[in-house]
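The values are calculated or read from the model by the stated rules, or taken from the named source; none is laboratory data. It should be emphasised that the depicted structure is a prediction, and the values quoted were computed from it without experimental measurement. For neighbour counting, all protein chains shown are included, and Cβ atoms are generated from backbone atoms with ideal geometry for every residue, glycine included. The area values use the complete protein model at the heavy-atom level, side chains included, leaving out ligands, DNA and RNA. Shrake-Rupley method; radii C 1.70, N 1.55, O 1.52, S 1.80 Å.
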Amino acid sequence: MDKTYLLVSKMKIHNANAASSAYTIGVPAMTAWTGFMYALERYVRTKSKLEGVRFTGIAVSYHECELQTYRLDAYRTHIVGYAKPPKLDGNDGGIKSASFIEEARCHMCVSLLIEVEGVNGMNEKMLLRATKERIPRMKAAGGDIGTKFDEKNLTVHYVRDEKSMYKVRARLMCGTILKERTDLIQPTEEHDALDCLMDIQRVVYKKFVEEQEDSKKKVRWESSKFIDKGWLVPIAVGYCDLSGPTDKLEGQRSYDYEHHFVEPIVTVGEFRMPHRFNTLDEMMWRYDYDEVNGLYLCKQTVQ
């Protein structure tokens, strides 16, 4: 159980990207958090005596997530992407089409637990100093970080036994952590993976009619979900390679690396309170590359 963790507590993010894929809106994709971890690692390793530091996994505890929407009145649906009232059409009272469509975004408060290798008592303060000066200048899931960091919300923890593990886990309360539930998606000949994903999100209402003593009928409604307890959501966890390596294209982000056309991979996640995880390893999301099938994934390796 000997592990070392960097804990970033109660980090507030303004205007984070809430569109995790082409057809899902909610908390940012897990690739956003692993990308944040990797970008921070690359900076830390440029510092003296921190060249051997590695960030090998990340867990995200969501304390707050406020999706930016606007609702004209109680009889209209919510419009995603508007933080202020949109312009109204003077003729019919409807909403004017904007010249551009804003992306879905949200304000968040999260705690990040990063698994660290290569840190000890000799370079711990250097790691904290490097992260303290770097994180406020970074983007997290495309949003601006608005937290002032000090020794209270930026700490290093050495987990050696269950007691120290419980202390770290308690620092992630009160929040919810995503648990990968790919096991719930079981395609058949009649239902593909997308059908399974839609069925998992469905809430079914059934009507029951009860006879009363005075010959009147009482109608009762009951709802049922795919699982009795828990909160299931679709989450983007990586990309699938569609083209393989292509020739160099004009305007691609970097000419030093191969260029691939990809599409996002969406699976099911379950929000759980931190105390429902037996170990910290169960919370950790790590990179996983499947070269044969062309899959670039973030996975929880411990179930």
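Please report the carbon-and-sulfur percent of the accessible area for the range 216-303; probe 1.4 Å, protein heavy atoms only, DNA, RNA and ligands left out. Kindly include the intermediate steps, with their values, before the conclusion.
On the way: 3070 of 6010 Å².
Carbon and sulfur together cover 51 percent of it.
Backbone phi angles across the range 132-149, fed through the Karplus curve with coefficients 6.51, -1.76 and 1.60 (θ = phi - 60°), yield HN-Hα couplings of 5, 7, 9, 4, x, 9, 9, 9, 10, 6, x, x, 8, 8, x, 10, 8, 9 Hz in residue order; Gly and Pro are listed as x. Full extension of the chain between ALA39 and MET126 yields a length gain of 29.6 nm, computed as 0.36 nm times the residue separation minus the alpha carbon distance.
Taken one residue at a time, the phi angles of the range 35-51 give Karplus couplings (6.51, -1.76, 1.60, θ = phi - 60°) of x, 4, 4, 5, 5, 5, 4, 4, 6, 4, 6, 7, 8, 5, 6, 10, 5 Hz. Gly and Pro are set to x.
Net charge of the neighbourhood of GLU282, taken over other residues with C-beta under 11 Å away and scored Lys/Arg +1, Asp/Glu -1, is +2. Applying the criteria of a DSSP loop state and at most 12 other Cβ atoms within 10 Å to the trypsin sites (Lys or Arg not before Pro) of the range 179-288 yields ARG202, LYS216, LYS229, LYS248, ARG253. Computed over the range 194-303, relative contact order equals 23 percent, with contacts defined as Cα pairs under 8 Å that lie 6+ residues apart.
For MET198, MET37, give me the order by solvent-accessible area with a 1.4 Å probe, most accessible first, ignoring ligands, DNA and RNA.
Numbers: MET198 110, MET37 5 Å².
My answer, sorted largest first, is MET198, MET37.
Across the range 168-175, coupling constants 3J(HN,Hα) worked out from phi with the 6.51/-1.76/1.60 Karplus curve, θ = phi - 60°, read 5, 4, 5, 6, 8, 7, 8, x Hz, and Gly and Pro carry x.
Over the chain, DSSP H runs of length four or greater, each weighted -39,500 (n - 2.57), average out per residue to a 222 nm ellipticity of -4500 deg cm²/dmol. Heavy atoms of the protein chains alone define the surface here; on that basis the range 1-43 has 39 Å² accessible area per residue at 1.4 Å probe size. Per residue, the accessible area of the range 159-286 comes to 69 Å² when a 1.4 Å probe rolls over the protein heavy atoms.
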